[in-house]
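Below is one structure, written out as structure tokens, with a few remarks after it.
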Amino acid sequence: MEKLDEAVLVELAVSDNDQRAFSELVNRHQSNLRYSMRQLTNWNEDLADDLAQDTFIQAFKELHRFRKEAKFSSWLYRIGYNIFLQYVRKKQLDTQSIDEDPYTANQLMSSEQGDEDSPLHQKVAKLLAMLEPERRSVLHLLLHRQNTQQEISEIMGIPLGTVKTHINRGRAVLQQKLQGWRETTS
């Protein structure tokens, strides 16, 4: 399929029930969504892939509700984040139980992003995994997906002030922990 605008692909998928158009949307966003889910699940690839698949299934079902004022990726990440939260609530997981998952630092090495094998990136990923899911999600969307604070607010369905608080407090924790780590690695 030629490189069509995402709004055109959405319209084709909704109005003509064009499976190829939706497949193209999936192809464009699956790597980034899977990476985001891996971050949220502390690098549990199997769980992340399941959540990403559930996200695309839900997106397909709800595609007719997509408002074209937002970016498709923001809308998709909101669905993904909500599916992640449903999973966490269903399993009643907290940060400790996610950290006890067998998929941890070893999964960092197989990630698709560019510099995941750097010691700094690994340390940041481990520190992010220690944060509660909502703060971890905010920082992930800011640092890795490079969303604006307003986009994060819309994706997560939380007030802009809450986003800013999570960013400020999360950055403070990361800076504090990284300062101690840099001193021990220097």
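Take the conditions (1) more than 15 Å from ARG171 (Cβ to Cβ); (2) modelled with pLDDT of 85 or more; ARG145 misses just one of them, which is (2). For region 14-53, a tally of residues being hydrophobic (A, V, I, L, M, F, W, C) and closer than 19 Å to LYS90 by Cβ returns 6. Taking region 1-45 as the range and being at pLDDT 90 or above, of a type in the set (Asp, Glu) and more than 21 Å from GLN86 (Cα to Cα) as the test, the residues that pass are GLU11, GLU24. Looking across region 54-81 at every residue that is over 18 Å from SER31 (Cα atoms) and buried (at least 16 other Cβ atoms within 10 Å of the Cβ), the one that is modelled with the highest pLDDT is identified as LEU63.
Kindly establish whether ILE152 is closer than 21 Å to ASN82 by Cβ and not in a helix (DSSP H, G or I). Criteria not met by ILE152. Among residues of region 11-48 being surrounded by fewer than 22 Cβ atoms within 10 Å (Cβ to Cβ), of a type in the set (A, V, I, L, M, F, W, C) and under 22 Å from LEU141 (Cβ atoms), the one that is farthest from the chain's Cα centre (by Cα) is VAL26.
Cβ-Cβ distances below 6 Å connect the following pairs, each with a first residue in region 8-22 that is in contact (Cβ under 8 Å) with a residue 40 or more places away in the chain, a second residue that is outside any helix (DSSP H, G or I) and buried (at least 17 other Cβ atoms within 10 Å of the Cβ), and a separation of six or more residues or different chains: VAL10/PHE66.
With respect to the conditions (1) modelled with pLDDT under 90; (2) under 28 Å from ALA59 (Cβ atoms); (3) part of a helix (DSSP H, G or I); (4) not charged (D, E, K, R), LEU93 lacks only one, and its number is (3).
Taking the conditions (1) of a type in the set (A, V, I, L, M, F, W, C); (2) over 14 Å from the mean Cα position of the chain (by Cα); (3) within 20 Å of LEU141 (Cα to Cα); (4) at pLDDT 90 or above in turn, LEU51 satisfies each one other than (2).
The values are calculated or read from the model by the stated rules, or taken from the named source; none is laboratory data. A quick note: this is a predicted structure, and the numbers were derived from the prediction, not measured. No Cβ is skipped: glycine too gets one built from the backbone with ideal geometry, and neighbour counts run over all protein chains shown.
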